[in-house]
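The values are calculated or read from the model by the stated rules, or taken from the named source; none is laboratory data. Predicted model only: the values in this text are computed from it and were never measured. Note: ideal-geometry Cβ built from the backbone for every residue, glycine included; neighbour counts use all protein chains shown.
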Amino acid sequence: MASTLTDRLSRLVKTMRGQARITESNVQDMLREVRMALLEADVALPVVRDFIQRVKDKALGQEVAGSLNPGQALVGIVHKELAATMGAGVADLDLATQPPAVILMAGLQGAGKTTTTAKLAKLLIEKRKKKVLTVSADVYRPAAIQQLKTVTGQAGAEWFASTPEQQPQDIARAALDHARRHHFDVLLVDTAGRLAIDEALMAEIRALHAAVHPVETLLVVDAMQGQDAVNTAKAFKEALPLTGIVLTKLDGDARGGAALSVRQVTGAPIKFAGVSEKIDGLEVFDAERHAGRVLG
Ligand code: GDP
């Protein structure tokens, strides 16, 4: 386990003892430690560079060098900047539309889309008293359609049947029509994922988006994906107008630097965090708490 940023900085400050004052070059040394800590937490390199530049401006401006405990002062600035970066923007689900509100779930295979779809259904039923319908537009994996059926049942929501012979857009349109006729408040559309980004997948999800005009298009990202999360986020952002991110598997031991990368690359707020495999393992994302985790 790598040492925490606070440990690293206090070690550094100890070596500075005896110096009359802390110089700009000491601040540079501290920023190098911050950079290492962020890379260890799996934040992508270009994102780290950008972040460090912002922190540097603040650190020099806020006289870290003149403070009694410069290490702690800098950790404070870094923590605040991390939380502000990851937490900026509206974090709630926007369902303010003529019902049914459509929520499109996007992401790579294995990211946790199907699980998150059911978790979200449960949350909307229990916390927001919504009538929720789910549908799977994954026509490549019949097992995925069945999986959604099972977890939707666990969530206490309703499931709209689909088959691999149908076109994804037709499935989504039929589900939307059903949702309208039966007065559902929300339709959650689970989509096919691939193990890697490919153009066919992106074209398909763009067509799906155009077919049902979702109010929310959520990108589900596996926190364990680490550095690669940046490429996933970039590709999906180019294909879709993302309105939010769900970061899954935060119960694992990933430090969760992906949150910062994905937030920065997409500009979309991180709305939820997946914290277990269970159906109730979804929390509203807490940027403040997550900043502490990233820093260690
Ligand atoms: P999909 O291919 O994107 O639909 O992914 P799934 O929903 O099938 O999830 C893939 C695996 O990740 C399953 O074994 C899920 O139980 C697991 N999973 C999803 N979200 C979480 C989470 O927040 N925490 C943990 N520990 N496992 C998760």
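Consider region 232-265. How many of its residues are within 13 Å of the ligand (Cβ to nearest atom) and of a type outside the set (A, V, I, L, M)?
Of the residues in region 232-265, 8 are within 13 Å of the ligand (Cβ to nearest atom) and of a type outside the set (A, V, I, L, M).
Please identify the pairs in which a residue from region 3-23 that is within 17 Å of I77 (Cβ to Cβ) has its Cβ atom under 8 Å from the Cβ atom of a residue that is of a type in the set (D, E, K, R) and at pLDDT 75 or above, counting only partners at least 6 apart or on another chain.
Cβ pairs passing all conditions: L5/E33; R8/E33; L9/E33; L12/D29; L12/E33.
Within the bounds of region 230-251, is there any residue that is under 23 Å from L148 (Cα atoms) and surrounded by fewer than 19 Cβ atoms within 10 Å (Cβ to Cβ)?
Within region 230-251, one or more residues are under 23 Å from L148 (Cα atoms) and surrounded by fewer than 19 Cβ atoms within 10 Å (Cβ to Cβ).
If you take the residues of region 266-296 that are free of Cβ contacts under 8 Å to residues at least 60 places away in the same chain and β-branched (V, I, T), which of them is nearest to the ligand (Cβ to nearest atom)?
Filtering region 266-296 for residues that are free of Cβ contacts under 8 Å to residues at least 60 places away in the same chain and β-branched (V, I, T), the one nearest to the ligand (Cβ to nearest atom) comes out as V275.
Out of the strands (runs of 3 or more DSSP E) lying entirely within region 227-296, which hold 2 or more residues that are in contact with a helix residue (DSSP H, G or I) (Cβ under 7 Å, 6 or more places away or on another chain)?
By residue number, 244-248, 270-274.
Based on this model, can you work out whether G193 counts as within 16 Å of the ligand (Cβ to nearest atom), in contact with a helix residue (DSSP H, G or I) (Cβ under 7 Å, 6 or more places away or on another chain) and either under 24 Å from A121 (Cβ atoms) or not in a loop (DSSP other than H, G, I, E, B) (or both)? Step through it out loud before you land on a result.
Numbers: within 16 Å of the ligand (Cβ to nearest atom): yes; in contact with a helix residue (DSSP H, G or I) (Cβ under 7 Å, 6 or more places away or on another chain): yes; either under 24 Å from A121 (Cβ atoms) or not in a loop (DSSP other than H, G, I, E, B) (or both): yes.
Considered against the rule, which asks whether it is within 16 Å of the ligand (Cβ to nearest atom), in contact with a helix residue (DSSP H, G or I) (Cβ under 7 Å, 6 or more places away or on another chain) and either under 24 Å from A121 (Cβ atoms) or not in a loop (DSSP other than H, G, I, E, B) (or both), G193 comes out as yes.
What's the number of the only condition in (1) surrounded by 18 or more Cβ atoms within 10 Å (Cβ to Cβ); (2) modelled with pLDDT of 80 or more that D29 fails to meet?
Among (1) surrounded by 18 or more Cβ atoms within 10 Å (Cβ to Cβ); (2) modelled with pLDDT of 80 or more, D29 violates only (1).
Residues in region 86-100: is at least one within 13 Å of the ligand (Cβ to nearest atom), out of contact with any strand residue (DSSP E or B) (no Cβ under 8 Å at 6 or more places or on another chain) and touching a residue at least 12 places away in the same chain (Cβ under 8 Å)?
Scanning region 86-100, I find no residue that is within 13 Å of the ligand (Cβ to nearest atom), out of contact with any strand residue (DSSP E or B) (no Cβ under 8 Å at 6 or more places or on another chain) and touching a residue at least 12 places away in the same chain (Cβ under 8 Å), so the answer is no.
Can you tell me which residues in region 137-181 are under 22 Å from P100 (Cβ atoms) and of a type in the set (F, W, Y)?
Of everything in region 137-181, those that are under 22 Å from P100 (Cβ atoms) and of a type in the set (F, W, Y) turn out to be W159, F160.
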